[in-house]
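The values are calculated or read from the model by the stated rules, or taken from the named source; none is laboratory data. This is a predicted model, so every value here is computed, not measured. Please note: Cβ atoms are built from the backbone with ideal geometry, for glycine as well, and neighbour counts cover all protein chains shown. Ligands, DNA and RNA are stripped out before the accessible areas are found, and what is left, the full protein with its side chains, is counted by its heavy atoms. Shrake-Rupley method; radii C 1.70, N 1.55, O 1.52, S 1.80 Å.
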Amino acid sequence: MPTFRAPRGTRDLLPPERARFIRLERLGADLAARYGFRPIETPLFEQAAVFERGVGAVTDVVEKELFRLATRRDEGEEWALRPEPTAGIVRAYVQHAMQTWPQPVRLSATGPMFRYDRPQAGRYRQFWQWDVEVLGDPGPAVDAELIEMAVRFFAEAGLAPPDVLVNSIGDGECRPAYVEALAAYYRDRLDRLPPLERDRLDRNPLRLLDSKEPVMVELNIGAPTITDRLCDACAAHFASVRDHLDMLGIGYAVEPRLVRGLDYYTRTAFEFFPSGARGTQSALGGGGRYDRLVELLGGKPTAGIGFGLGLDRVLLALDAAGAPTLPEPSVLAVVVGADPGATAVRLKLATDLRAAGLAVRADLAQRKLGRQLEAAVRDGARFAVIVGDELAEGQVQLRDLGAASQKPVDVVDLTALLRRKSAP
Ligand code: HAM
């Protein structure tokens, strides 16, 4: 047993897996640019109040799963690792007066999130999200635009079309009466509620609807739904989101009990599941509208909507679908030499080739030429540049490792020759 291990619920992304992550991160960045989003980066930790107020104090994410950092006596601030990016991005929107920028502001970020959850398959304490947010657009068209964008991400990542679940969870106009009806339903069944749910009943009845407790899942089948209690404005908004989705040819199902686990949502809410696995805990992503969040975090009333996709889960879904593993990028050439000790010559040559933009490794391990060549083949390099006595005449041997053939090349021509060979 090694002395130290990665903390429970976290994992090291070793090169093959990291390469697969990088591919998804690039896909996210590429799609974000294609859809007119600008990149943003916010800190991995924030004042805990950003999440308590933004995500909601009576949510699993804050009440049970927030990674709080020990308060430093000299600063007196309470910090927490971010469990999700939306609250931090909205905090930044307010802090940097982005409401004075041309609206809407479209922002995208990718990075690790932290939730102190019970680790299990697909549920980690550190996981990665690709996230997009649109501030200053009340919709409904942008709601459909984002759902289509997420669906495109899955398709371009190589996944079968996911199950898309959508709902509207109303707004300040229609939700209070619904929450009251919901609370009454649970109060009538008080004896069946587990302790946490009973405790939350008075504080945040909506959270009982997304409880994962088996008894709650059963109880929730008969719970009143909001979809048929929406006010006219919310109902019209939701109908228009669905019209836009139909027009885009996006298949979806209305799920009247989808309320999401974070408090900031209003109106449109949506979630993506691997095809055929809806309702499980394996959501590939989710999002929705949060028209009150900017105000809640101290800004002027501003509409907002966004989504976050779980990159770890996308990779798991790709594995489950038997997606081929990715070839890792390899160097084009390795500079090797007959004299194991002549490391300076090999390093200088590799440095010049790298400066010209080529991917080149120098073998600096001071081993025999045969071992250096074996290592170059193992690296997947296409060429070995063999430095020997001919260097005095300005020449090296260029060995094609695939064809096992080699020829002398003037060092002055080497860069141009390798560049031609590396062209696709
Ligand atoms: P969320 O549904 O809490 O939403 O998380 C989004 C996705 O992150 C989930 O669907 C899942 O794929 C992934 N995820 C969440 N927790 C874990 C975990 N413990 N391990 C692995 N993957 C996980 C949000 O975070 C919102 N900020 C989305 C959003 C953006 N809404 C509006 N804008």
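Criterion applied to 59, 42 was being open to solvent by less than 40 Å² (accessible area, probe 1.4 Å), touching a helix residue (DSSP H, G or I) at 6+ places or on another chain (Cβ under 9 Å), closer than 16 Å to residue 263 by Cβ and polar (S, T, N, Q), and the one residue passing it is 59. Scanning region 351-387 for residues that are outside any loop (DSSP other than H, G, I, E, B), touching a residue at least 12 places away in the same chain (Cβ under 8 Å), within 38 Å of the chain's Cα centre (by Cα) and surrounded by fewer than 18 Cβ atoms within 10 Å (Cβ to Cβ) yields 352, 375, 377.
Selection of region 252-279 for residues being assigned to a loop (DSSP other than H, G, I, E, B), out of contact with any Lys or Arg (no Cβ under 9 Å at 6 or more places or on another chain) and open to solvent by less than 60 Å² (accessible area, probe 1.4 Å) yields 256, 258, 260, 262, 277. Take the residues in region 245-286 that are without any contact (Cβ under 8 Å) to a residue 24 or more places away in the chain and within 15 Å of the ligand (Cβ to nearest atom); name whichever of them is nearest to residue 117 (Cα to Cα). Among them, the one singled out is 280.
Residues in region 210-231 that are in contact with an Asp or Glu (Cβ under 7 Å, 6 or more places away or on another chain) and polar (S, T, N, Q): 211 alone. Going residue by residue through region 388-396, is there one that turns out to be touching a residue at least 12 places away in the same chain (Cβ under 8 Å), closer than 27 Å to residue 14 by Cα and outside any strand (DSSP E or B)? Checked against the condition, which is being touching a residue at least 12 places away in the same chain (Cβ under 8 Å), closer than 27 Å to residue 14 by Cα and outside any strand (DSSP E or B), region 388-396 yields no hits at all. Across region 168-220, the qualifying residues are those that are open to solvent by 30 Å² or more (accessible area, probe 1.4 Å) and among the β-branched types (Val, Ile, Thr), and the one among them that is nearest to residue 289 (Cα to Cα) is 179. In summary, strands (runs of 3 or more DSSP E) completely within region 37-132 and bearing 3 or more residues that are within 11 Å of the ligand (Cβ to nearest atom) and in contact (Cβ under 8 Å) with a residue 12 or more places away in the chain occur at 105-114. Scanning region 301-312 for residues that are more than 14 Å from the ligand (Cβ to nearest atom) and closer than 20 Å to residue 259 by Cα yields a total of 0. If I ask for residues that are among the β-branched types (Val, Ile, Thr) and closer than 18 Å to residue 352 by Cβ, which ones from region 362-398 would you list? Residues satisfying the conditions are 385, 386, 387, 396.
Among the residues of region 1-33, those that are within 16 Å of the ligand (Cβ to nearest atom) and of a type in the set (A, V, I, L, M, F, W, C) comprise 6, 13, 21, 24, 27, 31, 32.
Per-residue answers, yes or no, for (1) within 23 Å of residue 165 (Cα to Cα); (2) open to solvent by 10 Å² or more (accessible area, probe 1.4 Å); (3) within 12 Å of the ligand (Cβ to nearest atom):
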| position | (1), (2), (3) |
| --- | --- |
| 292 | yes, yes, no |
| 299 | no, yes, no |
| 314 | yes, no, yes |
| 342 | no, yes, no |
| 349 | no, yes, no |
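Taken across region 193-205, residues that are free of Cβ contacts under 8 Å to residues at least 40 places away in the same chain and within 30 Å of residue 138 (Cα to Cα) do occur, with at least one present. Residues in region 145-167 that are in a helix (DSSP H, G or I) and either open to solvent by 10 Å² or more (accessible area, probe 1.4 Å) or not aromatic (Phe, Trp, Tyr) (or both): 11 in all. Scanning region 183-217 for residues that are of a type outside the set (A, V, I, L, M, F, W, C) and closer than 17 Å to residue 259 by Cβ yields 185, 186, 197, 200, 203, 204, 205, 207, 210, 211, 212, 213.
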